[in-house]
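Working notes, structure below.
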Amino acid sequence: MKKIGDFLFSSKMMAVVLALFAVSIAVATFIENDFGSSSARALVYNARWFEFLLLIGIINLSGTIVTKELYRKEKFTVFLFHLSFIVILIGAAITRFTGFEGSMSIREGESSRAVLTDRTYLEVRSGDNENSWHKIFPVFFSERGGNKFKSSFNYNGTDYQLRCKSFVANAVPEISPDSNGKPLAELVYTDAMGRKNLIITAGEQKSAGTITFSFQAPGSDTSAVQLTAVEDSLFFTAPFPVSRTGMTDQTVMMLGQNESHRFYPLQLYAFKG
């Protein structure tokens, strides 16, 4: 035990730990620059080996203070030097295990209580409106991480198991021709979070912000904007007036409600703002 203690509390161990910290943080910086912050957290900051390195550093510095009696008056400056590193490492540990990162958008003259966290979650939903069920699983996927995930849950007396087979970073849906496929419509719109794309298939009903679009869906909501495909053109019928602005000449035209209108290129359509 004495040999183990001498090794853990030695100056050589301290030098090795500090060197590994420096190299790890430097590598994490390059990983973050090339593959994003999520990859840096998955491979370095949130990795078990980095947590172990953090623990070894605290043990080494604490043991050095005790074994070499750095708390004595004549060694007070060295004691403060070691103590400062302990405080830094403990602070890093507290941030790692209890803190979170996020962003808050506040417009001038307004207040906000909502924070958009950088953490990601896998949400599972099942059932209908009368017997709906959902569960949220915190996950941590990244472009260069191992992305291991395995969990289980019980729904209506049946056990289910979830596993991550693969992860594609920054995945976006693509439309490709299919002779046996259904008609598709891609709507580009903006909301408070910026530009978004909505792909809707014939027979579906989806929402874009506060507006619901129904693409030839039977029994759809009467308050929804009805989309219809006629040959290579897309038409819509809205239960409210819609404005159309020409993107070249900025001319504005109001389109009547409950009437069929065709989508034309280079036009901006405003549905309730």
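The values are calculated or read from the model by the stated rules, or taken from the named source; none is laboratory data. Source: prediction; values computed, not measured. Note: ideal-geometry Cβ built from the backbone for every residue, glycine included; neighbour counts use all protein chains shown. Protein only, heavy atoms only, side chains kept; ligands, DNA and RNA dropped before computing areas. Shrake-Rupley method; radii C 1.70, N 1.55, O 1.52, S 1.80 Å.
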Per the helix-only calculation at 222 nm, which mean residue ellipticity applies to the chain, given -39500 (n - 2.57) for every DSSP H run of n ≥ 4 and division by its residues, nearest 500 deg cm²/dmol? -9500 deg cm²/dmol
Probe 1.4 Å, heavy atoms of protein chains only: per residue, the accessible area of the stretch 120-183 in Å² is 87 Å²
Starting with the highest mean, order 202-215, 101-114 by the number of other Cβ atoms within 10 Å, averaged over the residues of each peptide. 202-215, 101-114
Apportionment of accessible area to carbon and sulfur, the stretch 194-273, percent (1.4 Å): 51 percent
I want to check the label-to-label distance for Ser151 and Ile199. Put each point 7 Å from Cα in the C-beta direction and report it in nm to one decimal. 2.6 nm
For the residue pair Leu8 and Ser207, what label-to-label distance in nm results when each label sits 7 Å from Cα along the Cα-to-beta-carbon direction? 5.5 nm
By average Cβ neighbour count within 10 Å, what is the ranking of 150-157, 51-58, 179-186 from highest down? 51-58, 179-186, 150-157
Using packing as a proxy for protection, rank 226-237, 70-81 so that the peptide with the highest average count of other Cβ atoms within 10 Å comes first. 226-237, 70-81
Angle between the Cα long axis of helix 11-35 and the longest principal axis of the chain, 0 to 90 degrees, nearest 10? 10 degrees
Classified through the alpha carbon gyration tensor (a ≥ b ≥ c as square roots of its eigenvalues; rounded if a/c is under 1.5, else prolate when a/b is larger than b/c, else oblate), the chain comes out prolate
Apply 1/(1 + (r/R0)^6) to the Cβ-Cβ distance of Asp249 and Leu53, taking R0 = 51 Å, and write down the FRET efficiency to the nearest 0.05. 0.20
Residue-span extension gain [Val78 to Arg262] - 0.36 nm each, minus C-alpha spacing: 58.4 nm
Once R0 is set to 25 Å, what does the formula 1/(1 + (r/R0)^6) return for the Cβ-Cβ distance between Val23 and Ser103, expressed as a FRET efficiency to the nearest 0.05? 0.25
Quick check: net charge around Ala28, other residues with Cβ under 12 Å of its Cβ, Lys/Arg +1 and Asp/Glu -1? 0
Degrees separating the helix 76-98 axis from the principal Cα axis of the chain, which is the longest one: 30 degrees
Determine the dipole magnitude for the chain: charges of +1 sit on the beta-carbon of Lys and Arg, -1 on that of Asp and Glu, nothing else is charged, the reference point is the Cα centre, and the result goes in debye to the nearest 20. 1620 debye
Can you send over the solvent-accessible area of Trp133, 1.4 Å probe, protein chains only, in Å² to the nearest 10? 60 Å²
